[in-house]
1. Answer yes or no as to whether SER64 is within 27 Å of ALA113 (Cβ to Cβ), surrounded by 11 or more Cβ atoms within 10 Å (Cβ to Cβ) and in contact with a Leu (Cβ under 9 Å, 6 or more places away or on another chain).
2. Go through region 114-130 and give me each residue that's in a helix (DSSP H, G or I) and among the hydrophobic types (A, V, I, L, M, F, W, C).
3. Is there a residue in region 96-109 that is within 29 Å of GLN42 (Cβ to Cβ) and among the polar types (S, T, N, Q)?
4. Scan SER75, SER56 and give me the residue that is free of Cβ contacts under 8 Å to residues at least 60 places away in the same chain and part of a loop (DSSP other than H, G, I, E, B).
5. Pick from region 50-61 the residues that are open to solvent by 70 Å² or more (accessible area, probe 1.4 Å) and of a type in the set (S, T, N, Q): which of them is modelled with the highest pLDDT?
6. Restricted to region 78-113, and to residues that are assigned to a helix (DSSP H, G or I) and touching a residue at least 12 places away in the same chain (Cβ under 8 Å), which residue is surrounded by the fewest Cβ atoms within 10 Å (Cβ to Cβ)?
7. Do we have any residue at all in region 78-86 that's acidic (Asp, Glu) and touching a Leu at 6+ places or on another chain (Cβ under 9 Å)?
8. So, in region 18-40, of the ones that are open to solvent by 70 Å² or more (accessible area, probe 1.4 Å), small (Gly, Ala, Ser) and assigned to a helix (DSSP H, G or I), which residue ends up modelled with the highest pLDDT?
Amino acid sequence: MFLLRGGSVLLAALATACYAQTAQKVIDEYVRAAGGAKALAQIQTETIAANLTDESSHQTGSFSFISKAPDRFYSEILIEPRREVRAYNGMSAWGEDSASGEDAARTLTGAAAKSAEATARYWNSRLVDL
């Protein structure tokens, strides 16, 4: 019986010591690990390129993402024959989606334009100035 009580006390002590981190603490740790706010603020252009595979069809393709401070981005997903592009140039948003039958670039409006602008601002902030 004593071992059970001792184990219960030990578990209770461990449970209070293992509390969940706040979202702000996780972000602060990311900023610190990435070199600090000053280092992140100096990044003007970031490029991400990758190959990808669609798990359902096993088709391969590519992904490209470019962000340019303060508020520009270009994102492209290419899995033949489909191509999807979203971009924001600092003033307006545009996109292209071959799956919708719109092979030509078109200006985005409404919620799609707001989403593109928010994406540009989010990626370029690098979580420094929330």
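The values are calculated or read from the model by the stated rules, or taken from the named source; none is laboratory data. Because the structure is a prediction, the values reported are computed rather than measured. Heads up, the Cβs are rebuilt from the backbone with ideal geometry, glycines too, and the neighbour counts pull from every protein chain shown. We work out accessible area using only protein heavy atoms, side chains counted, and drop any ligands, DNA or RNA first. Shrake-Rupley method; radii C 1.70, N 1.55, O 1.52, S 1.80 Å.
1. On the way: within 27 Å of ALA113 (Cβ to Cβ): yes; surrounded by 11 or more Cβ atoms within 10 Å (Cβ to Cβ): yes; in contact with a Leu (Cβ under 9 Å, 6 or more places away or on another chain): yes.
Yes; evaluated as a whole, the condition is true for this residue.
2. First, pick out the residues of region 114-130 that are in a helix (DSSP H, G or I): 114-125.
Of everything in region 114-130, those that are in a helix (DSSP H, G or I) and among the hydrophobic types (A, V, I, L, M, F, W, C) turn out to be ALA116, ALA118, ALA120, TRP123.
3. Filtering region 96-109 down to residues within 29 Å of GLN42 (Cβ to Cβ) leaves none.
No, region 96-109 contains no residue that is within 29 Å of GLN42 (Cβ to Cβ) and among the polar types (S, T, N, Q).
4. After applying the criteria, what remains is SER56.
5. From region 50-61, those open to solvent by 70 Å² or more (accessible area, probe 1.4 Å) are 51, 53, 55-56, 58-60; that's our starting set.
Within this subset, residues satisfying the condition of being of a type in the set (S, T, N, Q) are 51, 53, 56, 59-60.
Values: ASN51: 97, THR53: 91, SER56: 89, GLN59: 91, THR60: 94.
Ranking the candidates gives ASN51 first.
6. First, pick out the residues of region 78-113 that are assigned to a helix (DSSP H, G or I): 98-100, 110-113.
Applying the additional criterion that residues be touching a residue at least 12 places away in the same chain (Cβ under 8 Å) yields 98-99, 112-113.
On the way: SER98: 15, ALA99: 10, ALA112: 15, ALA113: 16.
Applying the filter and picking the extreme gives ALA99.
7. To start, the set of residues in region 78-86 that are acidic (Asp, Glu) comprises 80, 84.
Then keep just the ones that are touching a Leu at 6+ places or on another chain (Cβ under 9 Å); that gives 84.
Yes, region 78-86 has at least one match.
8. Restricting to residues being open to solvent by 70 Å² or more (accessible area, probe 1.4 Å), small (Gly, Ala, Ser) and assigned to a helix (DSSP H, G or I), the top hit is ALA33.
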